[in-house]
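Scroll down for the structure; my scribbles are underneath it.
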């Protein structure tokens, strides 16, 4: 069994805060046919958290809760930004950090910068060519892998990430808050879903236009 490491995912009540365990490996699974976009964060033995997309917000916003429904974090995409930029805060509205997508690129398929609560760049997240793995690494030393996020190449209707912590001390020393890994996977999936829906709508509009043009010349 993998060694369990203790990282500080703060679960707040009105009176006190709890500490939630985060193992060296866990999964982030998109719920199939969920009314609202929802993700379950689990280990092989127990649930860790649930992330739910908010309704009626100007930008994409997710709330992260522990298995008892207590808040762990909130993530909100910025309205005016190139690509995806997401601010992450704790239940007291204190900054945890933020992630910023690199949009001016050809390869790799996706790349993000990860910042801490002091707005200091603490990691890069680069996806491979196939769109199946993020490597989270030191911003100046790509060979220093902190964690990896993997998902299958073939994904039918829902996404499923496996997170593996490679350097536990980076998270134990709070250099990177582990909630940022969860938010990164969720927003990549959410962006993929929106792009897929947009592509379907655009294709349907092209088909309708082609059908209309053909009828005009019959």
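Derivation of every value follows stated rules applied to the coordinates shown; laboratory data play no part. In this text the structure is predicted, and so the values were computed from the model without any measurement. Here the Cβ is made from the backbone with ideal geometry for all residues, glycine too, and neighbour counts use every protein chain on show.
Full extension of the chain between residue 212 and residue 158 yields a length gain of 16.0 nm, computed as 0.36 nm times the residue separation minus the alpha carbon distance. One Cα centroid belongs to region 47-117, the other to region 126-205; the line between them spans 12 Å. Two numbers describe the Cα atoms of region 38-146: Rg and Dmax, which are 15.1, 42 Å. Put in order of Cβ neighbour count within 10 Å, fewest first, the listed residues 126, 206, 151 become 206, 126, 151.
Taking only the Cα atoms of region 132-178, how large is their convex hull per residue, in Å³? Walk me through the numbers on the way to the answer.
Working: hull volume 3.7 nm³, N = 47.
Enclosed volume per residue, from the Cα hull, is 79 Å³.
Look at 35, 171 and count the other Cβ atoms within 10 Å of each Cβ; fewest to most, that gives 35, 171.
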